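The values are calculated or read from the model by the stated rules, or taken from the named source; none is laboratory data. Model, not experiment: these values are computed from the prediction. Cβ placement follows ideal geometry from the backbone for every residue including glycine, while neighbour counts extend to all protein chains displayed.
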Amino acid sequence: MEILVGKMAGFCYGVNNAVTKTMEYLEKSNKQVYCLGEIVHNKQVVKELEEKGVTFIDDVEQIIELNKENKDITVVIRAHGEPKITYDVLEKNNIEILDLTCPSVLTIHKTVEKYANMGYYIFLIGQKNHPETIGTYGFCKGKCSIIENIEDIDLSIKYVTENNLKKVLIVAQTTFSLEKFNKFINKIKEFVNKYNAVEKTNNPMELEIKNTICNATKLRQEETNEISKQVEYMIIIGGKNSSNTKKLYDVSKENCNNVILIETYKELQNEDLIDKIKKSQKVGIMAGASTPKKSIDDVINILKK
Ligand code: SF4
């Protein structure tokens, strides 16, 4: 059996930076460390950090309450980032922040804030409940519609036309599907061209498009596409609640009939499944941005055995 492992499999630089810097901080600091939300969508990494002393909390208000009893608190902001109000609340309460927002996400925050100040309305293409999208939305000063599916485009366009808004900036969640992003952009452009042709004003609607999908995500999706075309069985490793991992599964499904998404090698310890995989001449492996190297190596070892 030949095993093709994606070169892009595993931690992206943003996640690697967040996990490494949190570990380093734990070693040198005696403070109680809280992280807002899971540091990555990966149970193994979360468990390891918990064992080293990090407490994961979803609600910033809870941290404010805890700070009343213990002033020695540091709050980690994970790679996904947080809305502006989170920083404001923490700073107001003099809580130390270890900001590990991925530099690519920070750039989006700065961009939307700048354009919102310049009078632009923002179309943020992304998943409405994704923490990164919620964080970015929080820098748009309320001038933003989130577009998750094609129906949201109509509503967002209705909003800008009814409110006579003429300047629109489009950005995307860094892990959004490139294919869907392009599809949405085409639909929005089509509308704006028609609108400007009908209105024939001296003040046409301006569209500023910034493809903010992360390069690591793009490359990983492209490589997954290539590998899944060549293999009979494709194994995707990563958190089942991780958006970028699920996308790798979807991409593979388009090319390969046998695709599984697993969190750890333990899910492969099933005789029926192993039998099916064993019949394949070529097996592909890809992993999401939040999957540690160890999880990938464990799967490779099981296959080799
Ligand atoms: S996927 Fe890209 S943007 Fe998101 S954390 Fe990783 S490197 Fe940063």
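Looking only at segment 203-228, how many residues end up being over 22 Å from Lys187 (Cβ atoms), modelled with pLDDT under 95 and either within 16 Å of the ligand (Cβ to nearest atom) or in contact with a His (Cβ under 6 Å, 6 or more places away or on another chain) (or both)?
Within segment 203-228, the first condition is being over 22 Å from Lys187 (Cβ atoms), and the residues that meet it are 203, 214-216, 219-220, 222-228.
Restricting the remaining residues to those that are modelled with pLDDT under 95 gives 203, 214-216, 219-220, 222.
When the remaining residues are screened for being either within 16 Å of the ligand (Cβ to nearest atom) or in contact with a His (Cβ under 6 Å, 6 or more places away or on another chain) (or both), the result is 214-216, 219-220, 222.
Count: 6.
Would you confirm whether any residue within segment 110-131 is surrounded by fewer than 16 Cβ atoms within 10 Å (Cβ to Cβ) and within 16 Å of the ligand (Cβ to nearest atom)? So that I can check it myself, show each step before the final result.
Filtering segment 110-131 down to residues surrounded by fewer than 16 Cβ atoms within 10 Å (Cβ to Cβ) leaves 110, 114, 117-119, 128-129.
Subset that is within 16 Å of the ligand (Cβ to nearest atom): 110.
The answer is yes; a qualifying residue exists.
Only residues that are in a helix (DSSP H, G or I) and surrounded by fewer than 16 Cβ atoms within 10 Å (Cβ to Cβ): list them for segment 219-247, please.
The first filter runs over segment 219-247 and keeps only residues in a helix (DSSP H, G or I), leaving 219-230, 243-247.
Passing the criteria: Leu219, Glu222, Glu226, Lys229, Gln230.
Evaluate the following for Val251: is it closer than 30 Å to Ser104 by Cβ and touching a Phe, Trp or Tyr at 6+ places or on another chain (Cβ under 7 Å)? Before the answer, list the steps.
Values: closer than 30 Å to Ser104 by Cβ: yes; touching a Phe, Trp or Tyr at 6+ places or on another chain (Cβ under 7 Å): no.
No; evaluated as a whole, the condition is false for this residue.
Among the residues of segment 138-158, is there at least one that is modelled with pLDDT of 95 or more and touching a His at 6+ places or on another chain (Cβ under 8 Å)?
Yes.
Looking only at segment 1-44, which residues are of a type in the set (A, V, I, L, M), within 16 Å of the ligand (Cβ to nearest atom) and outside any strand (DSSP E or B)?
Residues of segment 1-44 that are of a type in the set (A, V, I, L, M), as a first pass: 1, 3-5, 8-9, 15, 18-19, 23, 26, 33, 36, 39-40.
Among the residues that remain, those that are also within 16 Å of the ligand (Cβ to nearest atom) are: 8-9, 15, 18-19, 36, 39-40.
Of everything in segment 1-44, those that are of a type in the set (A, V, I, L, M), within 16 Å of the ligand (Cβ to nearest atom) and outside any strand (DSSP E or B) turn out to be Met8, Ala9, Val15, Ala18, Val19, Ile39, Val40.
Looking only at segment 72-90, which residues are more than 24 Å from the chain's Cα centre (by Cα) and buried (at least 22 other Cβ atoms within 10 Å of the Cβ)?
Correct list: empty.
Can you name the number of the only condition in (1) within 30 Å of Val251 (Cα to Cα); (2) outside the structural domain of Leu248 (by TED's automatic domain parsing) that Lys141 fails?
Every listed condition holds for Lys141 apart from (1).
Only one of these is closer than 30 Å to Tyr265 by Cα, more than 16 Å from the ligand (Cβ to nearest atom), surrounded by fewer than 19 Cβ atoms within 10 Å (Cβ to Cβ) and more than 23 Å from the chain's Cα centre (by Cα): Glu69, Glu51, Glu65. Name it. Before you say what the answer is, go through the steps one by one.
Values: Glu69 fails: closer than 30 Å to Tyr265 by Cα; Glu65 fails: closer than 30 Å to Tyr265 by Cα.
Testing whether each residue is closer than 30 Å to Tyr265 by Cα, more than 16 Å from the ligand (Cβ to nearest atom), surrounded by fewer than 19 Cβ atoms within 10 Å (Cβ to Cβ) and more than 23 Å from the chain's Cα centre (by Cα) leaves just Glu51.
Might you check whether a residue that is among the aromatic types (Phe, Trp, Tyr), modelled with pLDDT of 90 or more and either over 23 Å from Tyr13 (Cβ atoms) or surrounded by fewer than 16 Cβ atoms within 10 Å (Cβ to Cβ) (or both) occurs anywhere in segment 264-273? Step through it out loud before you land on a result.
Keep residues of segment 264-273 that are among the aromatic types (Phe, Trp, Tyr), which gives 265.
Now narrow it down to the ones that are modelled with pLDDT of 90 or more: 265.
Narrowing the set further to residues that are either over 23 Å from Tyr13 (Cβ atoms) or surrounded by fewer than 16 Cβ atoms within 10 Å (Cβ to Cβ) (or both) leaves 265.
So far as segment 264-273 goes, yes, one or more of its residues are among the aromatic types (Phe, Trp, Tyr), modelled with pLDDT of 90 or more and either over 23 Å from Tyr13 (Cβ atoms) or surrounded by fewer than 16 Cβ atoms within 10 Å (Cβ to Cβ) (or both).
Just to be sure before I move on: is Lys47 assigned to a helix (DSSP H, G or I) and more than 26 Å from His130 (Cβ to Cβ) in the structure I sent? Walk me through how you get there before you give the answer.
Numbers: assigned to a helix (DSSP H, G or I): yes; more than 26 Å from His130 (Cβ to Cβ): no.
No; evaluated as a whole, the condition is false for this residue.
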